[in-house]
1. Would you kindly identify the helices (runs of 4 or more DSSP H) lying entirely within the range 360-461 that contain at least 2 residues that are out of contact with any Gly (no Cβ under 6 Å at 6 or more places or on another chain) and within 16 Å of ligand 2 (Cβ to nearest atom)?
2. ALA325: within 14 Å of ligand 1 (Cβ to nearest atom) and within 16 Å of ILE230 (Cβ to Cβ), yes or no?
3. Might you let me know whether the range 196-217 holds any residue that is closer than 20 Å to ILE92 by Cα and either open to solvent by less than 10 Å² (accessible area, probe 1.4 Å) or within 16 Å of ligand 1 (Cβ to nearest atom) (or both)?
4. Does the range 376-390 contain any residue that is small (Gly, Ala, Ser), within 25 Å of PRO150 (Cα to Cα) and open to solvent by 10 Å² or more (accessible area, probe 1.4 Å)?
5. What is the residue count in the range 159-182 for residues that are open to solvent by 10 Å² or more (accessible area, probe 1.4 Å) and not in a helix (DSSP H, G or I)?
6. Taking the range 60-92 on its own, how many of its residues are at pLDDT 95 or above and acidic (Asp, Glu)?
7. Mind checking whether some residue in the range 342-351 is within 16 Å of ligand 2 (Cβ to nearest atom), open to solvent by less than 10 Å² (accessible area, probe 1.4 Å), within 30 Å of TYR219 (Cβ to Cβ) and in contact (Cβ under 8 Å) with a residue 12 or more places away in the chain?
8. When residues of the range 220-257 are filtered for being near ligand 1 (Cβ under 7 Å from one of its atoms), under 29 Å from VAL337 (Cα atoms) and either open to solvent by 10 Å² or more (accessible area, probe 1.4 Å) or aliphatic (A, V, I, L, M) (or both), how many remain?
Amino acid sequence: MASSLLTLPSTFSRLNSFPKTFKALSLLKFHKQHRLRPLNYPLLHFPSSATRFSTSRIPLSSKPFDDDLVVLGIETSCDDTAAAIVRGNGEILSQVVSSQADLLARYGGVAPKMAEEAHSQVIDQVVQDTLDKAGLTEKELSAVAVTIGPGLSLCLRVGVQKARRVAGNFNLPIIGVHHMEAHALVARLIEKELQFPFLALLISGGHNLLVLAHDLGHYTQLGTTIDDAIGEAFDKTAKWLGLDMRKSGGPAVEQLAQEGDAESVRFSIPMKQHKDCNFSYAGLKTQVKLAIASRNIDAKVPLLCASSQDRSSRADIAASFQRVAVLHLEERCERAVEWALKIEPSIKQLVVSGGVASNQYVRARLDQVVKKYSLQLVCPPPNLCTDNGVMVAWTGIENFRVGRYDPPPPANDPEDFMYDLRPRWPLGEEYAEGRSEARSLRRARVHPSLTSLVQASLQQQ
Ligand code: KG4
Ligand code: ZN
């Protein structure tokens, strides 16, 4: 405590040196009110735009809503260029998403170089539109939050560069955000009663995670995918069934599945013999591919041009795939709830977020699972489940409130500046008892988990 108080003057003089006195004062007031201490020395060694953490003396899970905070969030980790401005009390002032769905439809997947170009073309406009919609200028922001990982480095770089330009030019603190933490925490913006600890299932195109959220920046990973994520399986199924991918594959499969018989194609449920919480969707993808081939479905024939028999056979595959893909989620969630209740008996909610959580069938089935344990299912609205800037701005706010942010960067980064990007960045440490023999994780170039970084910084206080 004594040493932390000693660092206050330099921290505050740094804040006082902001040109916009009112902003400096409001930050000062904020941090004095909550007795927070932003650090201006690295606790952990990061080579470049290091994200530095400090700890607060208020419990991380308490939520001092603060209307004065106004945070811009920027998200470019995959194929959507998104930005939003959110107030400390959770009010969404504006949000803009520029989707690369056309590229996705054309190439059937995300091509990093093309995605990077698409982000670069629209990022300035997306941020400007976000400011205009909120009726604000950069000067009125309190901080900028940006996704630094996990994701495609080429794409992450576009968002981080933009965030640093805005923060540098307007002397704003900057907050590096974990994309999956953002998917989970946006549920706290929607459901104000959602307190730590809670269980979260995060399902998207690249991730399938079951995590126990103990606190901000503190997660135990109960399960992950050993190969593909469920969103990837939805996307490939849509592509092979010749569906319109312009809104991504998932919604197209969900819609067609409503016409089909979900019991008609016998797909087997993945990983039945593994009594853990990990996932696998590669095998189910192969089963779908074989079923499509055996029914002579031609993906080049668009659904609208298919005969009624062809259409109903595609619908049966879509429905059967969706049923089994979700059964796999249900089984894993049941086990995860049991594990989670042993580790944190006070949990009351299962948060389901990420793009696939916008699927109504997924929501309805998981609702049945949580009811068995008298838990509540918390799903953000569909536009906050898929990638968006609101979740980044909100996670920025949560971190900012406890002093986890970087000071404003210089107005211009040097040409050879090494950005702190974390393409492979686990959210939490693996639950030891849940480790699966089926998992052979590629460990190369994996960044230390968010949880281990936060814990290490807290221990150094
Ligand atoms: O979270 P997200 O927007 O981006 C990633 O971080 O990956 O998730 C995108 C994924 C895609 O695979 C998309 O097909 C899937 O979410 N998705 C859906 C639905 N809406 C989006 N999957 C199933 N049903 C949906 N309604
Ligand atoms: Zn995502």
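The values are calculated or read from the model by the stated rules, or taken from the named source; none is laboratory data. Please read these numbers as outputs of a predicted model, since none were measured by experiment. Neighbour counts run over all protein chains shown; Cβ positions are idealised from the backbone, glycine included. The accessibility values were calculated without ligands, DNA or RNA, using every heavy atom of the protein model including side chains. Shrake-Rupley method; radii C 1.70, N 1.55, O 1.52, S 1.80 Å.
1. Numbers: elements: 360-372, 382-385, 389-401, 450-459.
Output list reads 382-385, 389-401.
2. On the way: within 14 Å of ligand 1 (Cβ to nearest atom): yes; within 16 Å of ILE230 (Cβ to Cβ): yes.
Taking the combined requirement at face value, the residue satisfies it.
3. Keep residues of the range 196-217 that are closer than 20 Å to ILE92 by Cα, which gives none.
No, the range 196-217 has no match at all.
4. Of all residues in the range 376-390, those small (Gly, Ala, Ser) come to 389.
Applying the additional criterion that residues be within 25 Å of PRO150 (Cα to Cα) yields 389.
Then drop every residue that is not open to solvent by 10 Å² or more (accessible area, probe 1.4 Å), which leaves none.
Taking every residue of the range 376-390 in turn, none turns out to be small (Gly, Ala, Ser), within 25 Å of PRO150 (Cα to Cα) and open to solvent by 10 Å² or more (accessible area, probe 1.4 Å).
5. 4
6. Going through the range 60-92, the residues at pLDDT 95 or above turn out to be 69-77, 81-92.
Within this subset, residues satisfying the condition of being acidic (Asp, Glu) are 75, 91.
So the answer is 2.
7. Step one: filter the range 342-351 for residues within 16 Å of ligand 2 (Cβ to nearest atom), giving 351.
Cutting the leftovers down to open to solvent by less than 10 Å² (accessible area, probe 1.4 Å) gives us 351.
Retained after the next criterion (residues that are within 30 Å of TYR219 (Cβ to Cβ)): 351.
From what is left, the residues that are in contact (Cβ under 8 Å) with a residue 12 or more places away in the chain are 351.
Yes - at least one qualifying residue is present in the range 342-351.
8. 6
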